[in-house]
Amino acid sequence: MRPVTLRSARVLLDVPTRADAAAITEACQDPDIARWTTIPTPYTAKDATTFVDALVGPGWASDREYTWAIRRPGSTWLEGVISWRTAHRDLGFWLAPSARGTGLMRDAVGLVVDFAFEQGAPDVYWECYAGNVASAAVARASGFSYTGTGDALVPARDGSPVPAWKGLRRADGTAASDLAWPAASLGGSAATGATDEQRGGGSPTPRR
Ligand SMILES: CC(C)(COP(=O)(O)OP(=O)(O)OC[C@H]1O[C@@H](n2cnc3c(N)ncnc32)[C@H](O)[C@@H]1OP(=O)(O)O)[C@@H](O)C(=O)NCCC(=O)NCCS
C-alpha cells in the first residue's frame, strides 16, 4: 500500500521521512521511550535514518507495518510515531516528552484504529510492558478492553520475556473482555509499586 495520510482537528499523521531524522533522534534520547520500547540504546542519528529507510518505506510497501509521523496540523515537526503491524494487528507508539499531556496520542490511536477497521481488521491489539501507566491510559481512553497480563509479543532487548498488559478493541464495538484494568495501571499511588518494580521494558513500538 502507498502511505496514507490521516488527520483530525488536532493531529496529522503522514509518512516519516529522512527530514524527520533530527526530531526522531532527539525524541529517542528520552529515558521513558528507551524504557518502554525496544528502540536501540544509545539512539543515534544513524538509527533514525535506518528506521526511515529500512522499516517505514518497506513496511508500507509490503503491508507488513504501517508507520506514521505524528504532527500538529500546520507544523512539519515530528512529535511522535505510531505504527500498526498487520501480522498481529498490534499498535506501537511514542511521543516526544514535549508533546505529552495534550491528547495527541489519543487522537492518533483513534485515527489508526479507524484506519485498521476500514482495512477490514476485526480487531486491534495493544500491549505495553507491565507498569507503563501512560500507555495503558491511552489504550483505556481509546476504548480498548483489558484482556489480561502475559508475556509480551515483543521480548526485552536481550530476548527475555517481559510481562505485558494486553488489550483489544473490536471493530464491532463489543467489549473483548469484562476484566477490570489492573489497579496498578490506573495511575496514582496504586501504580507506584508496579512501575518501580517492572523496569527495563519495551513494547510493540517502532524499533529503529
Ligand atoms: C505513552 C505516551 C505516548 C502517552 O502520552 P500522553 O501524552 O499521555 O498521551 P496523549 O497525547 O493521548 O495525552 C493524554 C493526556 O493528555 C491530557 N489531555 C489534555 N488535553 C486533552 C484533550 N483535549 N483530549 C484528550 N486528552 C487530553 C489527558 O488528560 C491525558 O492526561 P492524563 O493521562 O493525565 O489523563 C507517552 O507517555 C510516551 O511516549 N511514553 C514513552 C513511550 C511509550 O511508553 N510508548 C508506548 C509503549 S506501549
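Laboratory data are not the source of any read-out in this text; all were calculated from the coordinates shown. Every value quoted in this text rests on a predicted model; they were computed, and no experiment measured them. Backbone-built Cβ (ideal geometry, glycine too); neighbour counts: all protein chains shown.
Odds and ends about this structure:
- In nm, spacing of pseudo-spin labels at Ala19 and Arg72 (7 Å Cα→C-beta vector): 1.8 nm
- Cβ-Cβ FRET estimate between Glu26 and Thr149, R0 fixed at 35 Å, reported to 0.05: 0.60
- Adding -39500 (n - 2.57) for every DSSP H run of four residues or longer, then dividing by how many residues the chain holds, sets the calculated 222 nm ellipticity at -7500 deg cm²/dmol.
- Cα gyration tensor, the stretch 1-94 - rounded (a/c under 1.5), prolate or oblate: rounded
- Cα point-scatterer Debye curve for the chain, base-10 log of I(q)/I(0) at q = 0.10 Å⁻¹: -0.38
- Point-charge dipole on Cβ atoms (K/R +1, D/E -1) for the stretch 6-197, about Cα centre, debye to 20: 320 debye
- A Stokes-Einstein calculation at 25 °C with viscosity 0.890 mPa s, built on the Kirkwood radius of the stretch 76-124 over Cα pairs, returns a diffusion coefficient of 212 µm²/s.
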